[in-house]
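Engineer: Got a structure here, written out as structure tokens. Questions coming.
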Amino acid sequence: MRAGICDMVAVARIINATLVIPELDKHSFWQDSSNFSDVFDEDHFIDSLKNDVKIIKKLPKELAHANRTVKQFRSWSGLQYYEEEIAPMWDQYQVIRAAKSDSRLANNNLPPDIQKLRCRACYEALRFAPEIEATGKLLRDRMRAYGPYIALHLRFEKDMLSFSGCTHDLSPEEAEELKSIRENTSWWKVKEIDPVEQRAKGFCPLTPKEVGIFLSALGFQSTTPIYIAAGEIYGGDLHMADLHSRFPLLMNKEKLASAEELEPFANHASQMAALDYIVSIQSDVFIPSYFGNMARAVEGHRRFLGHKKTISPDRKAFVRLFDKYEAGTIKDFKTLANRVIEIHRRRQGSPRKRKGPISGTKGMDRFRSEEAFYVNPLPDCLCQKESPILNSSAIMR
């Protein structure tokens, strides 16, 4: 959602358009009726970008019957596409509706002013609604009372498991329920998934049990406070038992806040996710069990805030080690821990430039293999400033 909104700001600038406040998807799996102003600070968004793009809250009445079209912009497109194929559409239409906003703008090879605009939009203009900001900071402060904490984005919810086809550690009945949901969700195109192959390739979120072993192997003590940034965990306490036995200080928004405090956001998945987002970007350590949209957005935001520690599990490598440990091939926990630590030594959010495409990939696969702009906004969202004292460059926001 954040990435799509910010990319449309940049696209509006490229094609010299006035941007109407985006409509949020109300037909996804979560059936969330939230409008833009329910999730984000609409006035701050408009005011912050007024020198870059004109943004209005709704389409003017005089354009209600104007010539218009719905256009699905090409994925990962650069300046030339928008200037040569989209901008000329103004000769025929007064209103262009973007059918999709996800990944419509290239990650790389865009002018610096466009890249910096994406940064301003995402990290300065796109602030959450005041009520969400206040409650998110309240949750963060209550979490801080327990000491330095980990924010764990635990993607073990029903929708994630259904979509990905991952059934490790689930009962046959649970696996069948998830398969049925996938088969009956029309916009999920892939129906037949081999869960064993999916997990072996690293395409499955880590289970709560695997996460517990992972955290212990990295050396986190059992007294470490952990904030669970997630929706309802599939299977509830049954699947959380092993993780809870290793780390008893498991907290979430429902434990940190009263029902009355959370009531304004109830039944609105995007607003509840926004609360988790705030607590996550402010955590001492952020660990996602799966590299989905939320995890990517949080990682990028934490890089912008000063490369705050984010540990990204190598799921493919870890589940291989985990299975060997469970089978007794790896005899002792210290051996497992040493291997896990070594694998993740360079996966902790340290400063580096954004990764380009995987060698040998072509066409759309080439763009798809790139590291996304909002996962790692370096160097576009940061500037080099010469230090007169040290005669060296210092990274500054």
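The values are calculated or read from the model by the stated rules, or taken from the named source; none is laboratory data. Keep in mind the model is a prediction, meaning the values are calculated, not measured. Here the Cβ is made from the backbone with ideal geometry for all residues, glycine too, and neighbour counts use every protein chain on show. For the accessible areas, the whole protein counts, side chains as well, though only heavy atoms, and no ligand, DNA or RNA atoms are used. Shrake-Rupley method; radii C 1.70, N 1.55, O 1.52, S 1.80 Å.
Engineer: Here is a list: LEU19, LEU49, LEU24. Which entry is of a type in the set (A, V, I, L, M), at pLDDT below 95 and closer than 23 Å to ALA274 by Cβ?
Structural biologist: LEU24
Engineer: I've got another one for you. Name, by its number, the condition in (1) surrounded by 12 or more Cβ atoms within 10 Å (Cβ to Cβ); (2) modelled with pLDDT of 95 or more that does not hold for THR361.
Structural biologist: Against the list (1) surrounded by 12 or more Cβ atoms within 10 Å (Cβ to Cβ); (2) modelled with pLDDT of 95 or more, THR361 comes up short only on (2).
Engineer: Only one of (1) of a type in the set (Asp, Glu); (2) at pLDDT below 95; (3) more than 22 Å from the chain's Cα centre (by Cα) fails for GLU197. Which number is that?
Structural biologist: Only one criterion is unmet by GLU197, namely (2).
Engineer: Could you list, in sequence order, the residues of segment 250-283 that are touching a Phe, Trp or Tyr at 6+ places or on another chain (Cβ under 6 Å), modelled with pLDDT of 95 or more and open to solvent by 30 Å² or more (accessible area, probe 1.4 Å)?
Structural biologist: Result: MET272, single match.
Engineer: Right, another one. When segment 179-217 is examined, which residues are found to be farther than 17 Å from TYR290 by Cα and either open to solvent by less than 30 Å² (accessible area, probe 1.4 Å) or in contact with a helix residue (DSSP H, G or I) (Cβ under 7 Å, 6 or more places away or on another chain) (or both)? Please lay out each step first, then the result.
Structural biologist: Taking segment 179-217 first, the residues farther than 17 Å from TYR290 by Cα are 179-194, 216-217.
Selection gives ILE181, ARG182, THR185, TRP188, LYS191, SER216, ALA217.
Engineer: Quick one: would you say PHE286 is hydrophobic (A, V, I, L, M, F, W, C) and open to solvent by less than 20 Å² (accessible area, probe 1.4 Å)? Even if it seems obvious, please write down each step before you answer.
Structural biologist: On the way: hydrophobic (A, V, I, L, M, F, W, C): yes; open to solvent by less than 20 Å² (accessible area, probe 1.4 Å): yes.
Spelling it out, PHE286 is indeed hydrophobic (A, V, I, L, M, F, W, C) and open to solvent by less than 20 Å² (accessible area, probe 1.4 Å).
Engineer: Contact list please: Cβ distance under 9 Å, first residue in segment 223-245 and open to solvent by less than 50 Å² (accessible area, probe 1.4 Å), second residue among the aromatic types (Phe, Trp, Tyr) and not in a loop (DSSP other than H, G, I, E, B), pairs at least six apart or on different chains.
Structural biologist: ALA229/TYR277; ALA229/PHE286
Engineer: Another one. In this structure, does PRO351 turn out to be in a loop (DSSP other than H, G, I, E, B) and modelled with pLDDT under 90?
Structural biologist: Values: in a loop (DSSP other than H, G, I, E, B): yes; modelled with pLDDT under 90: no.
Against the criterion (in a loop (DSSP other than H, G, I, E, B) and modelled with pLDDT under 90), PRO351 does not qualify.
Engineer: Quick one: what pairs do we get from segment 323-350, first residue farther than 15 Å from ILE213 by Cα, second open to solvent by 60 Å² or more (accessible area, probe 1.4 Å), C-beta under 7 Å, 6+ apart or different chains?
Structural biologist: Here the result reads GLN348/LYS309; GLY349/LYS309, each pair linking segment 323-350 to a residue that is open to solvent by 60 Å² or more (accessible area, probe 1.4 Å).
Engineer: Also: Answer yes or no as to whether ILE150 is β-branched (Val, Ile, Thr) and touching a Lys or Arg at 6+ places or on another chain (Cβ under 8 Å). If you could, list the steps in order and put the result at the bottom.
Structural biologist: Numbers: β-branched (Val, Ile, Thr): yes; touching a Lys or Arg at 6+ places or on another chain (Cβ under 8 Å): no.
So ILE150 fails the test.
Engineer: Mind checking which helices (runs of 4 or more DSSP H) fall wholly inside segment 254-333 and carry at least 1 residues that are under 21 Å from the mean Cα position of the chain (by Cα) and of a type in the set (Phe, Trp, Tyr)? Walk me through how you get there before you give the answer.
Structural biologist: Working: elements: 259-262, 269-281, 293-304, 315-327.
In segment 254-333, the matching helices (runs of 4 or more DSSP H) lie at 269-281, 293-304.
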